[in-house]
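Peer 1: Once you've had a glance at the structure underneath, I'll fire off some questions.
Readers should treat all values here as calculations from the given coordinates under stated rules, not as data from a laboratory. Just so you know, these numbers come straight off a predicted model, no measurement behind them. Counting neighbours? That spans all protein chains shown, and the Cβs are built from the backbone with ideal geometry, glycine included.
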Amino acid sequence: MSHFDTELDTSGLNCPLPLLKTKKALLTMNKGDRLRVIATDRGAFIDIPVYCEISNNVLINLTETDDELVFIIEKGGV
């Protein structure tokens, strides 16, 4: 399991809420901090990696089980 500083559980929330809550959480974090996001909405499988690609944040890890997705995102700098 990857190290993380903050955890965000968006289980049960539907798109686009997991992505919006992820963006909001990252805004409050410092560069280099890691956010662990738990999501049950399959849309997050596409939304969060794409957001990381177009922002200055790095998707460190993505784990998929039958009922949830777990992302580790490192806050990037501007």
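Peer 1: Filter the stretch 1-20 for residues that are in contact with an Asp or Glu (Cβ under 9 Å, 6 or more places away or on another chain) and in a loop (DSSP other than H, G, I, E, B) and give the result. I'd like the intermediate steps shown before the answer.
Peer 2: Step one: filter the stretch 1-20 for residues in contact with an Asp or Glu (Cβ under 9 Å, 6 or more places away or on another chain), giving 4-6, 10-19.
Answer for the stretch 1-20, where residues must be in contact with an Asp or Glu (Cβ under 9 Å, 6 or more places away or on another chain) and in a loop (DSSP other than H, G, I, E, B): 4, 5, 10, 11, 12, 13, 14, 15, 16.
Peer 1: Can you find, within the stretch 38-54, the residue that is farthest from residue 14 (Cα to Cα) among those that are among the aliphatic types (A, V, I, L, M) and assigned to a helix (DSSP H, G or I)? Even if it seems obvious, please write down each step before you answer.
Peer 2: Filtering the stretch 38-54 down to residues among the aliphatic types (A, V, I, L, M) leaves 38-39, 44, 46, 48, 50, 54.
Now narrow it down to the ones that are assigned to a helix (DSSP H, G or I): 44, 46, 48, 50, 54.
On the way: 44: 9, 46: 13, 48: 13, 50: 17, 54: 21 Å.
The qualifying residue farthest from residue 14 (Cα to Cα) is 54.
Peer 1: Right, next: List pairs: first residue in the stretch 1-18 and free of Cβ contacts under 8 Å to residues at least 60 places away in the same chain, second residue among the hydrophobic types (A, V, I, L, M, F, W, C) and surrounded by 14 or more Cβ atoms within 10 Å (Cβ to Cβ) anywhere in the structure, Cβ distance under 6 angstrom, at least six positions apart or on different chains.
Peer 2: 6/35; 8/25; 8/37; 9/38; 10/39; 11/38; 18/39; 18/44
Peer 1: A further question on this structure: Between a residue in the stretch 32-52 that is more than 17 Å from residue 7 (Cα to Cα) and in contact (Cβ under 8 Å) with a residue 24 or more places away in the chain and any residue that is surrounded by 15 or more Cβ atoms within 10 Å (Cβ to Cβ) and of a type in the set (Phe, Trp, Tyr), which pairs come within a Cβ distance under 8 Å, given they are 6 or more apart or on different chains?
Peer 2: The qualifying pairs do not exist here.
Peer 1: Out of all the residues in the stretch 23-44, which are surrounded by 15 or more Cβ atoms within 10 Å (Cβ to Cβ) and either aromatic (Phe, Trp, Tyr) or within 11 Å of the chain's Cα centre (by Cα) (or both)?
Peer 2: The answer is 25, 26, 34, 35, 36, 37, 38, 39, 44.
Peer 1: Residue pairs, Cβ under 7 Å, 6 or more apart or interchain, first in the stretch 57-73 and part of a loop (DSSP other than H, G, I, E, B), second of a type in the set (Gly, Ala, Ser) and buried (at least 16 other Cβ atoms within 10 Å of the Cβ). List them.
Peer 2: 68/39
Peer 1: Being loosely packed, with under 15 Cβ neighbours inside 10 Å and more than 16 Å from residue 74 (Cβ to Cβ) is the requirement here; does residue 20 meet it? Even if it seems obvious, please write down each step before you answer.
Peer 2: Working: loosely packed, with under 15 Cβ neighbours inside 10 Å: yes; more than 16 Å from residue 74 (Cβ to Cβ): yes.
Considered against the rule, which asks whether it is loosely packed, with under 15 Cβ neighbours inside 10 Å and more than 16 Å from residue 74 (Cβ to Cβ), residue 20 comes out as yes.
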